[in-house]
1. Kindly indicate whether GLY70 is of a type outside the set (A, V, I, L, M), surrounded by 22 or more Cβ atoms within 10 Å (Cβ to Cβ), under 18 Å from LEU149 (Cβ atoms) and out of contact with any Pro (no Cβ under 9 Å at 6 or more places or on another chain).
2. Give me a count of the residues in the stretch 19-50 that are surrounded by fewer than 15 Cβ atoms within 10 Å (Cβ to Cβ) and part of a loop (DSSP other than H, G, I, E, B).
3. Taking the stated definitions as given, is LEU149 modelled with pLDDT under 85 and part of a helix (DSSP H, G or I)?
4. Residue by residue through the stretch 40-67, note down the ones that are in contact (Cβ under 8 Å) with a residue 60 or more places away in the chain and under 12 Å from PHE129 (Cβ atoms).
5. Write out, first by first residue and then by second, each pair whose Cβ atoms fall under 8 Å of each other, whose residues are 6+ apart or on separate chains, and whose first residue, in the stretch 119-139, is of a type in the set (Gly, Ala, Ser) while the second is at pLDDT 85 or above and surrounded by fewer than 17 Cβ atoms within 10 Å (Cβ to Cβ).
6. Can you tell me which condition ASN85 does not meet? The list is (1) at pLDDT below 80; (2) closer than 24 Å to HIS19 by Cα; (3) surrounded by fewer than 18 Cβ atoms within 10 Å (Cβ to Cβ), and all the others hold.
7. Which of the residues spanning the stretch 184-200 are in a helix (DSSP H, G or I) and modelled with pLDDT under 90?
8. Consider GLU142 carefully, then state whether it is crowded, with 17+ Cβ neighbours inside 10 Å, among the charged types (D, E, K, R), under 30 Å from LEU5 (Cβ atoms) and modelled with pLDDT of 75 or more.
Amino acid sequence: MNESLSLLAVTALTIGTIHTLAGPDHYLPFVAMSRSRNWSIVKTVNVVALCGLGHVLSSVVIGFIGIAAGIAISRVEHIEGIRGNIAAWLLMLFGIVYFLWGLYIFVSKKPTHRHANENGHSRSRQMTFWVLFTIFVFGPCEPLIPILLYPASQHNYMAVVIISVLFALATILTMMAIVLLLLKGMSVVQFRRVEKYQHMMAGLAVAACGASIIFLGL
């Protein structure tokens with residue numbers, strides 16, 4: 001690995017980690033859904049991994065299309081910005097809908113997920129995953145694009161692949177670490193008094209993540 005590629009590799013790992021840490025939308029929705037849907041650790045890790053992979057790969061694909069078409073970096077970043085706005089609005093909308101569903105469950109005194117019909121519960125869990133996955137596929141990794149385009153301009157496509165893999169690993173592993181740490185911290189706190197509000201609280205947390213991106217630019 002030459003000096004230039006080594007620097008790009010370190011940059012990809014560093015920016016992938018910082019990009020994830022700086023964006024609460026990369027981990028809070030998973031913590032909220034894991035708690036409210038009573039996911040196991042294995043289930044949570046799998047969901048985070050798949051959503052994180054979709055999140056990074058979608059930007060890699062956009063980047064490769066831009067490279068192949070000879071599109072200027074500013075145009076590619078503009079496309080990523082549009083995708084980011086869509087993802088933020090979808091995240092906020094999902095949180096609002098989930099909050100309203102939780103409110104309906106609370107007001108109607110429906111049985112919690114532990115006592116609900118298994119088939120309906122299974123469909124609900126699958127829908128939650130696919131909604132999150134779709135949102136994260138729309139969510140861009142803007143910092144990745146400039147790192148990719150430099151080696152691509154040198155026709156060093158092996159470097160493009162290496163950088164993509166390293167950025168993906170940094171992003172996904174950081175997402176997993178934060179989610180697991182937050183869930184571990186929450187596990188030592190008793191939430192029985194607010195358990196009946198868990199779906200509404202989860203919805204509000206997810207909606208707040210989307211709103212923070214839209215209105216605060218986080």
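The values are calculated or read from the model by the stated rules, or taken from the named source; none is laboratory data. Since the structure is predicted, the reported quantities are computational estimates derived from the model, not experimental observations. Reconstructed Cβ throughout: ideal geometry from the backbone, glycine too, with neighbour counts over all protein chains shown.
1. For GLY70, the condition - of a type outside the set (A, V, I, L, M), surrounded by 22 or more Cβ atoms within 10 Å (Cβ to Cβ), under 18 Å from LEU149 (Cβ atoms) and out of contact with any Pro (no Cβ under 9 Å at 6 or more places or on another chain) - is not met.
2. 2
3. Against the criterion (modelled with pLDDT under 85 and part of a helix (DSSP H, G or I)), LEU149 qualifies.
4. Those that are in contact (Cβ under 8 Å) with a residue 60 or more places away in the chain and under 12 Å from PHE129 (Cβ atoms): THR44, VAL47, VAL48, ALA49, LEU50, CYS51, GLY54.
5. none
6. All conditions pass for ASN85, except number (1).
7. We begin by selecting, within the stretch 184-200, every residue in a helix (DSSP H, G or I); these are 184-187, 192-200.
Of everything in the stretch 184-200, those that are in a helix (DSSP H, G or I) and modelled with pLDDT under 90 turn out to be GLY185, MET186, SER187, ARG192, ARG193, VAL194, GLU195, LYS196, TYR197, GLN198, HIS199.
8. Against the criterion (crowded, with 17+ Cβ neighbours inside 10 Å, among the charged types (D, E, K, R), under 30 Å from LEU5 (Cβ atoms) and modelled with pLDDT of 75 or more), GLU142 does not qualify.
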